[in-house]
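Below is one structure; the comments refer to it alone.
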Amino acid sequence: MAETLRVENLRTSFLTKWGEVTAVDDVSFSVDAGEILGIVGESGSGKTVTGFSILGLIDPPGRIKGGRILFQDEDLVGLPENRMREYRGKRIAMVFQDPMMTLNPVLRIDTQLIESVLAHDKVDRVTARQRARDALGQVGIPSPDERLASYPHQFSGGMRQRVAIAMALLHRPALIVADEPTTALDVTIQGQILFEVQKLCKESRTALIWISHDLSVVAGLADRVAVMYAGKLVEQGSVDDVLDRPMHPYTSGLIGSLPSNNIRGQPLRQIPGMTPSLLNLSAGCAFRTRCPRADAACLESPPVSVPASGREVRCAHPLVGGGS
Amino acid sequence: MIIYVARRLAQALLVVFAMTLIVFLGVNVIGSPVDILISPDCNQACYQASLKALGLDLPLHQQYLVFLKNAVTGDLGKSFAIGVPALPLIVERMPATLELALSAMFLAIVIGIPLGMWAGLKPDSVAGKTIMGGSILGFSLPTFWVGLMLIMVFAVYLGVLPSTGRGETVQVFGVRLSILTLDGLAHLILPAVNLALYKISLVIRLTRAGVRETITQDYVKFARARGLKARRVILVHVLKNIMIPVVTVVGLELGNVIAFSVVSETIFSWPGMGKLLIDSLRLLDRPVVVAYLMITVLMFVVINLIVDVLYTALDPRIRLQGAAI
Ligand SMILES: Nc1ncnc2c1ncn2[C@@H]1O[C@H](COP(=O)(O)OP(=O)(O)O)[C@@H](O)[C@H]1O
Ligand code: SF4
Ligand SMILES: [Mg+2]
């Protein structure tokens, strides 16, 4: 499979008045054309910052401090803004988390779709409008011709997210970064959108990074999964491998707390403790205060082991061959 | 929408009525104009005759009713001082004031919005900080002092701009305008700048705050993620959103500028309503003062109404709700 994106040792940090926050630390992964990579992690683990880093949308006080982002073999880190703009929306598209906020409230849908077309293609307005309408139809918006003249507030949340997805698909990008696009939607609509996006990406062989805090969503959608904790990728591999044989204690805890793995009527099993602050993290494993396997070795930076190709775990005492 | 406008009109009428009461009582407290108007050697009989001639011998509530009755027909009384109807006197001065006020507002917008955007987009740059510092000056320096300084520097010291009067005017649809002649424009510049200074600062701060808030919004980041050029993101996505508060405030300030032009008009002897008001106040020329205040109130009310309608036109979210009422 052709590799669309390879991220190597990405480090992105924010300089706040309390100190430097390394939101993404030594993160490496890759996505192939037509592949769906799920990135899972709890809120604040650095998923969104990873996505913005890929699109070159990290604004001050944030900065990419190190690593490479190879998109079709070209390193995007340090690319000048005008070159980066040519990639955004054209070859790499992004869908944001909250559909209520991503469309400009004072501009009509057609204005926003047409400007997206014209940002990258020199076509006349009639053609641009045609493409805008087709894109709306493609994501399942009924009577797209009439809906074009609407304002965002005239759409439901699910419909707005479809519009945002239509914008992402406009230029048939090679890579789409979808940042929790269904989190704000109710379950039925979430299911529909997941199904349609999966179909569209497979058909057009688009590489898709699907970010979510919900492991069960990723389990049903992705080919491979990467688990983030406190800015670091702690485990990755194929969905089946990771779900059936988690190697990192955090992944194992996540799987254990899925509703389907719990007995009805009993409280959900949860990972004890809280996410550490990213401010001035010490060298050792950030999970050690919550980890049942932690010992003195975990005060050092845990090693990354690669038990099989495409399978990685960052832990001093990985679980071998099955759950906890 | 029609119901909405009708309701606003009814409110406006109520406001105007309430103002007649306040204005009428207010000017009565100032003092009796007769004391100023009569000659020093006037005796008691002559004094009473003067009172009667001006309609001031009646009890206050009757004076008010007479005033109200006449006001409904558009008659706000005759000037005590020169004996001509007060309303036309004011209306005749209105174009000069409106010309000054609108020019000031125009300056506030074309200078304030770009500077405010710059300060909002580059808050830590030298230019951004200078703009904000300047706006503080614009806020705190008193208008009359700035006016005098402008005259000192540009009229007296440099001698490049005239300091008094309207200059040459031309008639457009029966209205005299300065702005269309070179001489008139030269006369307009200093008073307009003087009047605009405070408003420029206001627009700068408003625009800057709007930009600061808007650029953190998801839809701006999403616009960038779609690959739009920075120019379009700023000039369309950001600007269109900040126009809502800016238009609202600028619109509401227009009434304020008209009222505040009193100061600039006096300093620059600009022959508008404000200067007439000051002259009339000196003479306790009640009908003119009342007519001025009534006209100002009416203008405020009309402007507010227009701003409300504009606001709904700019913000599609409100537009829809309005239609639903
Ligand atoms: N603009 C910013 N300024 C300072 N810190 C930030 C900023 N954006 C993100 N961060 C830091 O990065 C961490 C990860 O954020 P994020 O990627 O949004 O998490 P996730 O998407 O996984 O919920 C946050 O906890 C925060 O500490
Ligand atoms: S490195 Fe240690 S503390 Fe961290 S997850 Fe592995 S066992 Fe637990
Ligand atoms: Mg996020």
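The values are calculated or read from the model by the stated rules, or taken from the named source; none is laboratory data. As the structure is a prediction and not an experimental result, all values here were calculated from the model. Cβ sites come from the backbone with ideal geometry, for glycine too, and all protein chains shown count toward neighbours. Remember, those area values only see protein heavy atoms, side chains included, never the ligands or the DNA or RNA. Shrake-Rupley method; radii C 1.70, N 1.55, O 1.52, S 1.80 Å.
The slack between A:ASP244 and A:VAL123, meaning 0.36 nm per residue of separation minus the straight C-alpha distance, is 38.6 nm. To the nearest ten degrees, helix B:239-267 and the longest principal axis of the Cα atoms of chain B are 30 degrees apart. Along the range A:154-165 the Karplus relation, 6.51 cos²θ - 1.76 cosθ + 1.60 evaluated at θ = phi - 60°, assigns HN-Hα couplings of 8, 10, 6, x, x, 5, 4, 5, 5, 4, 4, 5 Hz to successive residues, with x for each Gly and Pro. Placing a label point 7 Å from the Cα of A:SER277 along the Cα-to-Cβ line, the residues of the range A:1-45 whose backbone N sits under 17 Å from it are A:14-23, A:44-45.
Note on B:LYS69: lysines with a C-alpha under 27 Å away, same-chain residues under 8 apart excluded, are B:LYS52, B:LYS78.
Cβ-Cβ distance of B:ARG231 and B:SER269, R₀ of 56 Å, FRET efficiency by 1/(1 + (r/R0)^6): the value works out to about 0.80. Under a 5 Å amide H to amide H cut-off, with H placed in plane at 1.01 Å, what residues pair with A:ILE39 once short-range neighbours are removed? Placed amide hydrogens put A:TRP210, A:ILE211, A:SER212, A:ALA226 under 5 Å from A:ILE39. From its DSSP helices (H runs of at least four residues, each -39,500 (n - 2.57)), chain B gives a residue-normalised ellipticity at 222 nm of -24500 deg cm²/dmol.
Running a GNM on chain A with Cα contacts under 10 Å, which residue among A:ALA296, A:ALA174, A:ALA230 ends up with the highest mean-square fluctuation? Among A:ALA296, A:ALA174, A:ALA230, the largest GNM mean-square fluctuation belongs to A:ALA296. Using the Cβ-Cβ distance between B:TYR157 and B:ALA10 with R0 set to 51 Å, the FRET efficiency from 1/(1 + (r/R0)^6) comes to roughly 0.40.
Placing pseudo-labels 7 Å out from each Cα toward the beta carbon at B:LEU141 and B:LEU180 gives an inter-label distance of 3.3 nm. Estimated from the Cβ-Cβ distance and a Förster radius of 22 angstrom, the FRET efficiency linking A:GLN154 and B:LEU305 is about 0.25.
Taking 30 Å as the straight-line reach from the Cα of A:LYS47, the lysines in range (excluding those fewer than 8 positions away in the same chain) are A:LYS17, A:LYS65, A:LYS90, A:LYS199, A:LYS202, A:LYS232, B:LYS122, B:LYS221, B:LYS229. Burial annotation for the range A:98-119: residues with an accessible-area loss of at least 40 Å² between the isolated chain and the complete set of protein chains, computed on heavy atoms with a 1.4 Å probe, are A:MET101, A:THR102, A:ASN104, A:PRO105, A:VAL106, A:LEU107, A:GLU115.
Backbone phi angles across the range A:247-258, fed through the Karplus curve with coefficients 6.51, -1.76 and 1.60 (θ = phi - 60°), yield HN-Hα couplings of 10, 9, x, 5, 4, 4, x, 4, 5, x, 9, 5 Hz in residue order; Gly and Pro are listed as x.
Surface composition of the range B:91-324: carbon plus sulfur atoms hold 71% of the accessible area, using a 1.4 angstrom probe and ignoring ligands, DNA and RNA. Dipole magnitude for the protein assembly as shown: about 240 debye, using +1 per Lys or Arg Cβ and -1 per Asp or Glu Cβ, origin at the Cα centre.
Once each part is reduced to its C-alpha centroid, what is the distance from the range A:259-318 to the range A:191-245 in angstrom? Their Cα centres are 20 Å away from one another.
Here the label points at B:ILE22 and B:ARG317, each 7 Å from Cα along the C-beta direction, are separated by 3.2 nm in the simple model. In the protein assembly as shown, taking the dipole from charged Cβ atoms about the Cα centre, the farthest positive-side position among A:THR127, B:ILE244, A:ALA166 is held by A:THR127. Taking label points 7 Å from Cα along the Cα-to-Cβ direction, B:LYS122 and B:ALA45 give a separation of 8.2 nm. Roughly how tilted is helix B:286-314, in degrees to the nearest 10 and between 0 and 90, from the longest Cα axis of chain B? Tilt of helix B:286-314: around 20 degrees. Picking from A:VAL126, A:VAL197, A:VAL163, which is most flexible by a Gaussian network model of chain A using Cα springs under 10 Å? Result for chain A, Cα springs under 10 Å: A:VAL126 fluctuates most. Once the chain from A:ARG269 to A:LEU79 is taken as fully extended at 0.36 nm per residue, the excess over their C-alpha distance is 63.9 nm. Between helix A:125-138 and chain A there is an angle of about 50 degrees, using the helix long axis and the longest principal axis of the Cα atoms.
Here the range B:31-75 has 61 percent of its accessible surface on carbon and sulfur atoms, given a 1.4 Å probe and all protein chains in place.
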